[in-house]
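This report refers to the structure that appears directly beneath it.
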Amino acid sequence: MSAVLPRVLFVDDEERILRSLRMLFRGRCEILATTSGREAIEWVRQQPVHVVVSDQRMPEISGVAVLRAVAEHSPATMRILLTGYADMDAVTASVNDGEIYRFIEKPWNAQYLIETVEQAARIAMREFAAAAAAPIAMPNRPALDAIAARIVVLDDAGAVASQVRELLPMAVRVDHAVHLEDALELLAEHEVAVVVAQLSSAGGDVADALKQLKRLRPATLAIVVSPLRDSRLVIGLINEGQIFRFLLQPPPRELLRRGLIAALERHAELRATSSLLHRHEVEAPRSEAPTMPGRLLQVWRRIREAAGARVA
C-alpha cells in the first residue's frame, strides 16, 4: 500500500511560479495551486490541507491575510510565507498576524524549500492524525485573573517591565532583568512562560540567546520589542527563534496586552498538549554562535540540564 502524501496548497498570483512549484514538488505531495487567495481560504474550509505556502504581494488579498484566515479555520495547518519582497511590514505581520512557521524569500533555494515544506507537512500530518484518532475537546480558556505564570522582561530602563506589570493581574509573576545574564539566571531557576526582550542592537547577544532558548525551551514564548526596522533581523528570529510577536518600540499598549494574553494562553496549551511543541521546531542558526564568557556558558549549561530534566 502506497504511503499517504501530504496535501500542500500553493498560492501565488503568477502562474509561472505555480508551474515551478508543481514541478519541484511533483510526487512529493498532493498539490493544490491557485492564483486566488480567497479561493485558497475556501479550499482550506472545505478539506484538510496540511501546509499552505503563500506569496505575500497579491492583488486581491495579501499572503499574511490568507495565512491569518487559514489559522482561524484550520489551526493545525502549517503556514509558510514565500515572497520576493522582505519589507518590514510584511515580515512583522507574518509573525504577529499569521503566526507563520517559516518566512522564505524568492528566489528560493530548491532543497531548502523542499526540506522546509516536508518538515512542516510531517508536523501537520501528525496533528491531523491525532485529532482524527481521538478528538479532544479544547478546554475553555482560563480567565486572565486565573492565569498563574512567570514572565521575564529583559530591558535596561525598566519601562517595558513596568508596562507589562500594569497590563497583567497579580497572579502573573513579572521579573525584570537589566542584563542578559540576569534573564538567563531566572530562566535557569524557574519555568518561564514568556520572555519579553528588548533588542537595542541587531548584532547583540539577545537575538542569539532567544534562538538558542527556543531550541531548549520550545514552550517558552518570546515577544521582542525593538526600535530597529530590520527585516533581516526579524526573519532570522522567526526562522531560527520562532518568536511569538515582534513589536516596534515603544510598544503600543493594546498590541502588547493582546500579545501577552495570547502568549500566556499558548504556553498553557503547549504545556497541556506536548505534541504541539513540534510546531515550534526551529532551524539551526545560520551564523556561528558568539563566543560567550564562562559565566554565561555555565548558565546555559544549567538551562540545558533543566530542559533535559523536564523531558525525562
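Computed from Cα atoms, the angle from the helix 180-189 axis to the main principal axis of the chain rounds to 90 degrees.
Helix 294-311 against the longest principal axis of the chain: what's the angle in degrees, Cα atoms only, rounded to the nearest 10? Compared with the principal axis, the helix lies near 60 degrees. Axis of helix 231-241 versus longest Cα principal axis of the chain: the two differ by about 90°, to the nearest ten degrees. Each 10 Å bin from zero up to the one holding the largest Cα-Cα distance in the chain carries the following percent of pairs: 6, 27, 34, 24, 9, 1, 0.
Applied to the range 50-57, the Karplus parametrisation 6.51 cos²θ - 1.76 cosθ + 1.60 on θ = phi - 60° returns per-residue 3J(HN,Hα) values of 7, 9, 10, 10, 10, 6, 8, 8 Hz, with x for Gly and Pro.
Residues whose amide H comes within less than 5 Å of that of K106, counting only those at least five positions distant or on another chain, are T83, G84, Y85 (H built at 1.01 Å from N in the peptide plane). Across the range 265-274, coupling constants 3J(HN,Hα) worked out from phi with the 6.51/-1.76/1.60 Karplus curve, θ = phi - 60°, read 5, 5, 4, 4, 5, 5, 5, 7, 10, 5 Hz, and Gly and Pro carry x. Here's how it looks for A222: its modeled amide H is under 5 Å from those of V195, F244, R245, which are all 5 or more places away or on a different chain.
Sorting 74-80, 258-264, 156-162, 106-112 by their mean Cβ neighbour count within 10 Å, with the most densely packed peptide first, gives 74-80, 258-264, 156-162, 106-112. The helix-only estimate of mean residue ellipticity at 222 nm for the chain, built from DSSP H runs of length n ≥ 4 each weighted as -39500 (n - 2.57), is -15000 deg cm²/dmol after division by the residue total. Between E181 and D230, the FRET efficiency from the beta-carbon distance, with R0 = 22 Å, is close to 0.35.
Each Lys or Arg adds one and each Asp or Glu takes one away; over the other residues whose Cβ falls under 14 Å from the Cβ of R229, this sums to -2. Distance from the alpha carbon centroid of the range 253-282 to that of the range 1-51 works out to 28 angstrom.
Other residues within the sphere of radius under 10 Å centred on the Cβ of Q242, judged by their own Cβ, net out at +1 (K and R +1, D and E -1).
Every number here is computed from the coordinates shown, using simple stated rules; none is lab data. What you are looking at is a predicted structure, and each value in this text was computed from that prediction instead of being measured. Cβ atoms come from the backbone with ideal geometry, glycine included; neighbour counts cover every protein chain shown.
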